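For reference, the structure is listed below as structure tokens.
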Amino acid sequence: ESPKKRKISEDISTSGEGYANVVASHYNQIEEKGLQERSKSRIVFLRNFHNWIKSMLINEYLSKIKLKKKYNAPLRVLDIGCGKGGDLLKWKKANITHLICSDIAAVSLEQCKNRYSDMKERSARDRNGGNLYTIEYISADCSRVRLREKYSDPSVKLDIVSCQFAFHYSFESLPQAECMLRNVGECLQAGGYFIGTIPDANDLVARAKRENSNTYGNDVYKVLLDFDVNKPPLFGAKYNFYLDGVVDCPEFLVHFPTFIKLAKKYGLKLVKKEKFYDFFNTMKREGSKLLSNMSSLETYPPFPQCTMVGSAEDDYVHAERFLS
Ligand code: SAM
């Protein structure tokens, strides 16, 4: 870390705002590239792989919800950390009714709005395109703001809360992780699902120990752990993650046992936790058609990640008791 960078980090950590602005401005300044540009990227296979994982995860849990619901009953979803709307089409294919998109990066959210408008235009032109869900946007730090007070009808409970590659930012501090999980718990209806994808904290630390270095990677990705790997804190275990022109910002380890405990406090019970590799192996037969549509998968991601799924228990309202 350069002295200038370190000075900025010190200022941030004492400002009370944490790294929210750093994360938001990082995502805000990422250029929106068209499909053609994106397909030339060095990480195109990794991107395709992530999209495939997310599609399978969404389909798996929406199918479960559909089985529990009456035919044609509305399906409502909250996407926390939706970014530029990379999953908008997945939600269309999944035939949902309403989507609430939220993100801390206002520019990304604007790009998400544009993508939705384009999709809507295309849908209107295509007579066989089916109905497109309605949408609303919340520009907010979801680890500090109560989302239910922000959306159009707070009395409505949602079927799925999805948080793809974003939940780990909340593990900067206990109050932020709690706020995030409270948002999930109180937005979901009983029987609803929380689905997400996060980096695998154990693997990130194990690799640093194996290599006897706080930093590792190659010219496509780099990880720099900014804490004592022999004594990582439960919250605020910061590392910098760089991925070929897409990500270069501070992230935080998610200590999974702590995540499970906190999620329980907000009415969520763990249903499944799986590494991408295992998820891929169980789902590849079902998803092979989708995978071939997304072009071939040649490389396995060079860094570890896992999926996590929570489900709202009937007594999630009791989570209110813990709130100050
Ligand atoms: N979910 C999208 C996807 O899968 O393509 C975007 C993932 S991107 C790696 C992480 C996103 O999380 C960014 O858009 C970032 O702005 C958002 N994010 C980070 N911290 C957040 C917070 N506290 N509240 C809301 N969004 C946040």
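Table for the structure above
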quantity: Tally of residues being in contact (Cβ under 8 Å) with a residue 12 or more places away in the chain and assigned to a loop (DSSP other than H, G, I, E, B) across the stretch 137-165; calculated: 13
quantity: Count of the stretch 205-228 residues which are assigned to a strand (DSSP E or B) and surrounded by 15 or more Cβ atoms within 10 Å (Cβ to Cβ); calculated: 7
quantity: Matching residues in the stretch 166-204 - criterion: being at pLDDT 95 or above and part of a loop (DSSP other than H, G, I, E, B); calculated: Ala166, Ser173
quantity: Qualifying residues in the stretch 19-43 (those that are β-branched (Val, Ile, Thr) and either at pLDDT 90 or above or in contact with a Leu (Cβ under 6 Å, 6 or more places away or on another chain) (or both)) - the one farthest from Asp244 (Cα to Cα); calculated: Val22
quantity: Leading residue by the ranking (surrounded by the fewest Cβ atoms within 10 Å (Cβ to Cβ)) among those in the stretch 102-140 that are more than 16 Å from the chain's Cα centre (by Cα) and among the β-branched types (Val, Ile, Thr); calculated: Thr134
quantity: Where a residue in the stretch 255-274 is closer than 13 Å to Val184 by Cβ and its partner, wherever it lies, is loosely packed, with under 15 Cβ neighbours inside 10 Å and of a type in the set (Phe, Trp, Tyr), with Cβ under 7 Å and at least six apart; calculated: Lys265/Phe322
quantity: Candidates Leu262, Leu204, Leu253, Leu158, filtered to the one that is within 22 Å of Tyr277 (Cβ to Cβ) and touching a helix residue (DSSP H, G or I) at 6+ places or on another chain (Cβ under 6 Å); calculated: Leu253
quantity: Failed item, numbered, when Ile12 is tested on (1) modelled with pLDDT of 75 or more; (2) over 24 Å from Asp219 (Cβ atoms); calculated: (1)
quantity: Test: residue in the stretch 95-115 that is free of Cβ contacts under 8 Å to residues at least 24 places away in the same chain and among the charged types (D, E, K, R); calculated: yes
quantity: Matching option when the condition is within 16 Å of the ligand (Cβ to nearest atom), surrounded by fewer than 18 Cβ atoms within 10 Å (Cβ to Cβ) and either on the phi < 0 side of the Ramachandran plot or not in a loop (DSSP other than H, G, I, E, B) (or both), among Leu67, Leu78, Leu99, Leu89; calculated: Leu89
quantity: Residue within the stretch 229-239 that is on the phi < 0 side of the Ramachandran plot and assigned to a helix (DSSP H, G or I) present; calculated: no
quantity: Breaking point among (1) modelled with pLDDT under 85; (2) near the ligand (Cβ under 10 Å from one of its atoms); (3) charged (D, E, K, R), for Lys54; calculated: (1)
quantity: Of the criteria (1) within 16 Å of the ligand (Cβ to nearest atom); (2) surrounded by 15 or more Cβ atoms within 10 Å (Cβ to Cβ), which one Gly245 fails; calculated: (2)
quantity: Test for Arg47: is it touching a Leu at 6+ places or on another chain (Cβ under 8 Å), within 16 Å of the ligand (Cβ to nearest atom) and of a type in the set (Lys, Arg); calculated: no
quantity: Number of the exception - Pro74 against (1) in contact (Cβ under 8 Å) with a residue 40 or more places away in the chain; (2) in contact with a His (Cβ under 8 Å, 6 or more places away or on another chain); calculated: (1)
quantity: Among the residues listed as Glu60, Glu121, the single one being more than 16 Å from the ligand (Cβ to nearest atom), at pLDDT below 95 and farther than 24 Å from Phe280 by Cα; calculated: Glu121
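Yes/no matrix, rows are residues, columns are (1) under 25 Å from Gln189 (Cα atoms); (2) aliphatic (A, V, I, L, M):
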{"position": "Ala73", "(1), (2)": "yes, yes"}
{"position": "Leu89", "(1), (2)": "yes, yes"}
{"position": "Leu99", "(1), (2)": "yes, yes"}
{"position": "Ile104", "(1), (2)": "yes, yes"}
{"position": "Leu109", "(1), (2)": "no, yes"}
{"position": "Arg115", "(1), (2)": "no, no"}
{"position": "Ser143", "(1), (2)": "yes, no"}
{"position": "Gln164", "(1), (2)": "yes, no"}
{"position": "His168", "(1), (2)": "yes, no"}
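Table: residues versus (1) under 16 Å from the mean Cα position of the chain (by Cα); (2) near the ligand (Cβ under 10 Å from one of its atoms); (3) not basic (Lys, Arg).
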| position | (1), (2), (3) |
| --- | --- |
| Cys142 | yes, yes, yes |
| Asp153 | no, no, yes |
| Pro175 | no, no, yes |
| Leu181 | yes, no, yes |
| Val184 | yes, no, yes |
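The values are calculated or read from the model by the stated rules, or taken from the named source; none is laboratory data. What you see is a predicted model, and the numbers here were worked out from it, not measured in a lab. Cβ coordinates were reconstructed from backbone atoms using ideal geometry, including for glycine residues, and neighbour counts include every protein chain displayed.
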